[in-house]
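Have a look at the structure below, then the notes.
The values are calculated or read from the model by the stated rules, or taken from the named source; none is laboratory data. This structure is a prediction, so every number in the text was calculated from the model and none was measured. Positions of Cβ are generated from backbone atoms using ideal geometry, with glycine treated the same way; all protein chains shown enter the neighbour counts. Accessible surface is based on the protein model in full, side chains and every heavy atom, while ligands, DNA and RNA are left aside. Shrake-Rupley method; radii C 1.70, N 1.55, O 1.52, S 1.80 Å.
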Amino acid sequence: MDIDYFLISISKLPLFAKWAWGTVGVAVLAAAGLILFWERRYFAARDKAGSWLSLRLLSLFLLLPLTAGIIVIPSMAISGAEALAYFYLALLVLGPLVWFAGHTLCGRLLRPAFSKGESLFMAASGLLILLLPFAAATVAQGPIFEASRGLTASAFQAAPVAALPYTVKPVQRFKLPTVGLIHTQSLIAPAGFELERIDRQQGAGWYDTATSSHDIFCRDGQNLHLMWSAREGTPVLRLYWRQNGKRVHADYSPATASLDPAEPSEFSIAFRPDGIDPPVPIPRSRASIAYFVGPDRLYFNSLNPLQPGETFANDCIMPGYQRVDWKKEGPPQAIALTFFQRADAPYLRAEIKRPADAE
């Protein structure tokens, strides 16, 4: 387990979730302690308190590592489907056999010795203690997630309205083959501004965009860049940020009614040997890039998967975009952009090919 990743994940949990999981952890420790207390009292009444403690220490420092090793180590040494088959065999058969047989053998060697039934009881109660955290996490995960999500949603809904701090650039219009008219717009953040969350209106509801792909907009740091087709409808966003330590929000939708009536420009992309230069930022979930995989055959790769050094926090294909493996891939030959209409309508796809005379 990556401890650093685990600690970072915990630190990012909402405060309610931290307290809730802390309560679950305390409850598990209390339940385990209560089981151990009852065990010791039971065996102390039969003058076997010392043997009980010895068997518990043997369970923790000998039988548990031995059982886990029999399950995990061989499955890691085996490759392919056989590894999974062995893992389940060891988990369901070999592991329990070693665990219960080991307790029986150790119980007989102690003085005073345990009976077979007492040793098996100790093995079963020890297994119960080991499984308690997993069972508690399984039961508590759903309710904690739902409660935390509800509290978070309520906190965001209670955020007051504030003036939008962005510098709003003019809406630009472009023509794309097979797609038709598309619009783009950039919102430039002031220095020191930090955007906390972006919701998008769909129908009568608002939905957090953190758990979905961004096709209508993308982020370049704290800047927002919008791109939508005339057939998709104008996006409506709700932006949240902190102002003087207090969470606030503002709704934003581009004002396409006041557009310049001039003829829209052609959406042209400049192709370089190592990448592309789009005229405006493109949400990476819309774009695919094509390379030759044969004399006359193009293969399109989605740009949604990240290259080394990229993050989804900056999910725009910006002017100057470079492919990390451009020497291996070769010059990009085409860019495909996808736009979605209604749920019952086919998507629109435009291909922009590399000019034959491009360097």
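Condition check for residue 86 on (1) touching a Ser or Thr at 6+ places or on another chain (Cβ under 6 Å); (2) within 16 Å of residue 59 (Cα to Cα): one failure, at (2).
For residue 288, the stated conditions hold: it is in the same structural domain as residue 329 (by the TED database) and not in a loop (DSSP other than H, G, I, E, B).
When residue 331 is tested against (1) at pLDDT below 90; (2) more than 28 Å from the chain's Cα centre (by Cα); (3) open to solvent by 50 Å² or more (accessible area, probe 1.4 Å), just one condition goes unmet, and that condition is (1).
The condition of being within 21 Å of residue 131 (Cα to Cα), in the same structural domain as residue 153 (by the TED database) and in contact with a Cys (Cβ under 8 Å, 6 or more places away or on another chain) does not hold for residue 34. Candidates 188, 182: the one that is at pLDDT 95 or above, assigned by the TED database to the domain that holds residue 239 and more than 19 Å from the chain's Cα centre (by Cα) is 188.
Restricting attention to the stretch 345-357, the residues being over 14 Å from residue 180 (Cα atoms) and open to solvent by less than 40 Å² (accessible area, probe 1.4 Å) number 2. The residues on offer are 49, 101, 85, and the sole one that is open to solvent by less than 30 Å² (accessible area, probe 1.4 Å) and either without any contact (Cβ under 8 Å) to a residue 24 or more places away in the chain or not assigned by the TED database to the domain that holds residue 139 (or both) is 49. Inspect the stretch 19-37 for any residue being modelled with pLDDT under 95 and assigned to a loop (DSSP other than H, G, I, E, B) and give the result as yes or no. Looking through the stretch 19-37, none of the residues is modelled with pLDDT under 95 and assigned to a loop (DSSP other than H, G, I, E, B).
Kindly indicate which of 155, 113, 159 is touching a residue at least 12 places away in the same chain (Cβ under 8 Å), among the small types (Gly, Ala, Ser) and touching a strand residue (DSSP E or B) at 6+ places or on another chain (Cβ under 6 Å). One residue alone meets the criteria, 159. Taking the criterion of being in a strand (DSSP E or B) and acidic (Asp, Glu), the only residue of the stretch 220-238 that qualifies is 220. Number of residues in the stretch 52-74 that are under 15 Å from residue 119 (Cα atoms) and open to solvent by less than 40 Å² (accessible area, probe 1.4 Å): the value is 5.
One residue stands out among those in the stretch 306-344 that are of a type in the set (Gly, Ala, Ser) and free of Cβ contacts under 8 Å to residues at least 24 places away in the same chain: the one that is nearest to residue 182 (Cα to Cα), which is 343. The set of residues in the stretch 138-178 being polar (S, T, N, Q), within 26 Å of the chain's Cα centre (by Cα) and open to solvent by 90 Å² or more (accessible area, probe 1.4 Å) consists of 138, 141, 157.
Is there a residue in the stretch 207-220 that is surrounded by 18 or more Cβ atoms within 10 Å (Cβ to Cβ), within 19 Å of residue 315 (Cα to Cα), out of contact with any Phe, Trp or Tyr (no Cβ under 9 Å at 6 or more places or on another chain) and not assigned by the TED database to the domain that holds residue 153? There is at least one residue in the stretch 207-220 that is surrounded by 18 or more Cβ atoms within 10 Å (Cβ to Cβ), within 19 Å of residue 315 (Cα to Cα), out of contact with any Phe, Trp or Tyr (no Cβ under 9 Å at 6 or more places or on another chain) and not assigned by the TED database to the domain that holds residue 153. Of the set (1) open to solvent by less than 40 Å² (accessible area, probe 1.4 Å); (2) over 27 Å from residue 176 (Cβ atoms); (3) modelled with pLDDT under 90, all apply to residue 250 but (3). Does residue 281 meet the test of being closer than 24 Å to residue 185 by Cα, surrounded by 12 or more Cβ atoms within 10 Å (Cβ to Cβ) and outside the structural domain of residue 213 (by the TED database)? For residue 281, the condition - closer than 24 Å to residue 185 by Cα, surrounded by 12 or more Cβ atoms within 10 Å (Cβ to Cβ) and outside the structural domain of residue 213 (by the TED database) - is met. Evaluate the following for residue 125: is it more than 31 Å from the chain's Cα centre (by Cα) and surrounded by 14 or more Cβ atoms within 10 Å (Cβ to Cβ)? It is true that residue 125 is more than 31 Å from the chain's Cα centre (by Cα) and surrounded by 14 or more Cβ atoms within 10 Å (Cβ to Cβ).
Contact map, the stretch 65-80: residues that are under 14 Å from residue 100 (Cα atoms) paired with residues that are surrounded by 13 or more Cβ atoms within 10 Å (Cβ to Cβ) and aromatic (Phe, Trp, Tyr), Cβ distance under 7 Å, separation 6+ or inter-chain. Pairs shown: 67/99. Summed over the stretch 291-305, the residues that are in a loop (DSSP other than H, G, I, E, B) and either surrounded by fewer than 13 Cβ atoms within 10 Å (Cβ to Cβ) or β-branched (Val, Ile, Thr) (or both) give a count of 6.
For beta carbons closer than 6 Å, sequence separation of 6+ or different chains, a first residue in the stretch 198-216 that is in contact (Cβ under 8 Å) with a residue 40 or more places away in the chain and a second that is among the basic types (Lys, Arg), the qualifying pairs are 199/238; 215/286.
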